[in-house]
Amino acid sequence: MKDKMIKKLLISLAVILGFTQCHSVLDLKPISEETSETAYERGSQVEAGLVGVYDTFGSLEYYVWDKLNFQDMRADNHYAGGDTPELFAIDLLEVAPTNVRLFDTWKGLYDAISKANNIIEKAEELQDPTFSDERREQVIGEAKFLRAYHYYNLVNMFGGVPITLEFIKSVSPEALHIPRASVDEVYAQIITDLEDAVKVLPDTYGGDPSVNKARATAGAANAMLAKVYLQKPNPEYQKALNHINAVEQSSAGYRLIDYTHLFDGIHPNNAESILEIQFLGPNAGSFGPQLLLPPSISGDTWRKFLTPSHDLINAYDAEGDAIRKNASTLFEAVDWVDEYWGNAVGSTIPFSYKWKNANGWQSSDNAYLIRFADILLLKAEALAHLGQLGEAVNEVNKVRRRVSLLGLTADKVANKEVLLQAILDERRLELAAEGHRWDDLVRFGKAVSTMNELVEIDLRTGEKVNYNMTENKILLPLPQQELDRNPNLEQNPL
């Protein structure tokens, strides 16, 4: 145990020379020796603590797997697969407040926010003459970016949530029983944090891509501001466009690359990546791909999760989109029964394939949090809303042509409404299994209609699945454990 802790601290201190995020680097213990008044007396300790904030991306189950369940599987891109009742419930839009995935996600994201708050406070208070003011501001900017990123996921899943901007040291009801802020208040705080981050973060931290893609940069902060200004209830399209332009003008040189290189497992931290989770393989890898990849790759024989839907495969085929389909899905005969693809053993079914290596629960395949194609399609969306349809079409066609598709046809660019639908469709094909679909459907006002019009046949009964989608189901219910703990919380309409 002692050797393991020494190893963790050494890796943490390496952030000073060149940051490399990995799975389970440093686990800060609230209100204990790691967060005591004497724990942050030197800049190196603040740097090590910051690694612990980044560690959430690699250690929290939400970012490794459940984000895909809440975004892609809850929508029309994937079925649950596997054998887990709480995932079947999410798939069928029957999420109860007692669903364990809700509490795990809520707790994990608030733990990450708590770590960010702690680092912000400790960096502001630090009295270390060897720790430059410039680096202090960057550390605070990185922590604020991370706090904003977690709140962005919380507000999109649950609506208004409690806002905590200080590290909580007390267990009194006054400190812990925080009421929900409004959705607008949460978004306002996210914007404040990201704007603070943009001012102090560099475009790059040097010439090492594994550092620049692992850490919050000005490009990442601008990209998130663009997403925020489009996703919030009262979108501000010109502001989103301004931040997208800043991403494009960044000296980081973001650009589209060969689509197959994005997901081949051998081109991490590439020019298209803006921010990605770093997995280093043995003892520092991702368990996610083992849950998703077929037996021929994973080496096991049990039923896998996040099965691509008929509707998604049909969307690829209708567009003739072989490149993205083959990079994103892989068909294989299996030794189990799948209720959608083959109600008999030996059926051929698709698997999620944007990760190519399982490595026995320790995959070294990174996962994108933000990439440039997403931002180009957001640019098209903002331009379309601003009435600049020709410019919007040009952005969509950049994304299409890099996968050998023709530009949008005349019927898809005739007016703003049909063009926006084409952009939504393009985002689906481009970003499937990357954790964007539910937010996209909500932002475009299509969540209810898409799920109620979805035709998926349960082969066990031969009947169409009835998702019974309503406006109340756009947000997830707050976890019952949190409602029981905090009497100042009110449940979302069910």
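What follows draws every value from the coordinates through simple rules; no lab data is involved. The structure displayed is predicted, hence computed values, not measured ones. Don't worry about glycine lacking a Cβ; one is built from the backbone with ideal geometry, like all the others, and counts go over all protein chains shown.
When the gyration tensor of region 200-351 is built from Cα positions, what are the square roots of 5 times its three eigenvalues, in whole Å, from largest to smallest?
That gives 36, 21, 14 Å for the three semi-axes.
Mind checking which of 106, 129, 59 is farthest towards the positive end of the chain's charge dipole, using Cβ charges of +1 (Lys, Arg) and -1 (Asp, Glu) about the Cα centre?
Farthest along the dipole direction, towards plus: 129.
For region 300-310, what does the Karplus curve 6.51 cos²θ - 1.76 cosθ + 1.60, with θ = phi - 60°, yield as ³J(HN,Hα) per residue in whole Hz, taken in order and with x for Gly and Pro?
Values, residue by residue: 10, 10, 8, 5, 8, 9, 6, 6, x, 7, 4 Hz.
Once amide H atoms are built 1.01 Å from N in the peptide plane, which residues 5 or more positions from residue 275, or in another chain, come under 5 Å H to H?
Here 369, 370 satisfy the definition.
What is the local net charge at residue 365, summed over the other residues whose Cβ is closer than 11 Å to its Cβ (Lys, Arg +1; Asp, Glu -1)?
Value of the local net charge: 0.
Note down the magnitude of the dipole of the chain about its Cα centre, charges +1 on Lys and Arg C-beta and -1 on Asp and Glu C-beta and zero elsewhere, to the nearest 20 debye. Kindly include the intermediate steps, with their values, before the conclusion.
Working: 48 positive and 71 negative charges, 127 e Å.
Here the size comes out at about 600 debye.
For the modelled label position 7 Å from the Cα of residue 491 along Cα-to-Cβ, which residues of region 98-112 have backbone nitrogen atoms closer than 14 Å?
It comes to 98-99, nothing else.
Modelling each spin label as a point 7 Å along the Cα-to-Cβ direction, I'd like the residue 130/residue 345 distance in nm, to one decimal.
Distance between label points: 6.5 nm.
Looking at the square roots a ≥ b ≥ c of the eigenvalues of the Cα gyration tensor of region 288-365, which shape do they give, rounded for a/c under 1.5, prolate if a/b is larger than b/c, or oblate?
Oblate, since a/c reaches 1.5 and b/c is not below a/b.
About the Cα centre of region 151-299, what is the dipole size in debye to 20, counting +1 per Lys and Arg Cβ and -1 per Asp and Glu Cβ, all else neutral?
140
Among 329-337, 61-69, what's the highest-first ranking by average C-beta atoms within 10 angstrom per residue?
So the order, starting with the most tightly packed, is 61-69, 329-337.
Picking from 191, 163, 363, whose Cα lies most toward the positive end of the charge dipole for the chain (charges on Cβ: Lys, Arg +1; Asp, Glu -1)?
Farthest towards the positive end: 363.
Just to confirm the filter: which trypsin sites (Lys or Arg not before Pro) across region 164-224 are DSSP coil and have at most 13 other Cβ within 10 angstrom of their Cβ?
Of the trypsin sites (Lys or Arg not before Pro), the ones in loops of region 164-224 whose Cβ has at most 13 other Cβ atoms within 10 Å are 169.
Working from Cα positions, state the angle (0 to 90°, nearest 10) between the long axis of helix 218-231 and the longest principal axis of the chain.
The angle comes out at about 50 degrees.
Classify the chain from the C-alpha gyration tensor, please: rounded if a/c falls under 1.5, else prolate or oblate depending on whether a/b exceeds b/c.
rounded
What angle, in degrees between 0 and 90 and rounded to the nearest 10, separates the Cα long axis of helix 43-59 from the longest principal axis of the Cα atoms of the chain?
20
Rank-order 266-278, 402-414 by packing density, defined as the average count of other C-beta atoms within 10 Å over each peptide's residues, highest first.
266-278, 402-414
Considering amide H positions built from the backbone, and no H for Pro or chain starts, which residues 5 or more places from residue 329, or on another chain, come under 5 Å of its amide H?
When sequence neighbours closer than 5 places are left aside, the close amide H contacts are 353.
So how do 372-382, 230-240 stack up, highest first, on mean other-Cβ count within 10 Å?
372-382, 230-240
With the dipole of region 288-365 worked out from charges on the C-beta (+1 for Lys and Arg, -1 for Asp and Glu) around the Cα centre, which of 347, 296, 312 lies farthest toward the positive end?
296
Measure nothing fancy, just the Cα-based angle from helix 389-401's long axis to the longest principal axis of the chain, in degrees from 0 to 90, nearest 10.
Result, in degrees: 90.
Once you charge only the Cβ atoms, +1 for Lys and Arg and -1 for Asp and Glu, what is the size of the charge dipole of region 355-401 about its Cα centre, to the nearest 20 debye?
180
Neighbour counts of other C-beta atoms within 10 Å: give me 135, 437 arranged from fewest to most.
Placing the least packed residue first, the sequence is 135, 437.
Multiply the residue gap between residue 425 and residue 269 by 0.36 nm, knock off their C-alpha separation, and tell me the result in nm, one decimal place.
Full extension from residue 425 to residue 269 adds 53.5 nm.
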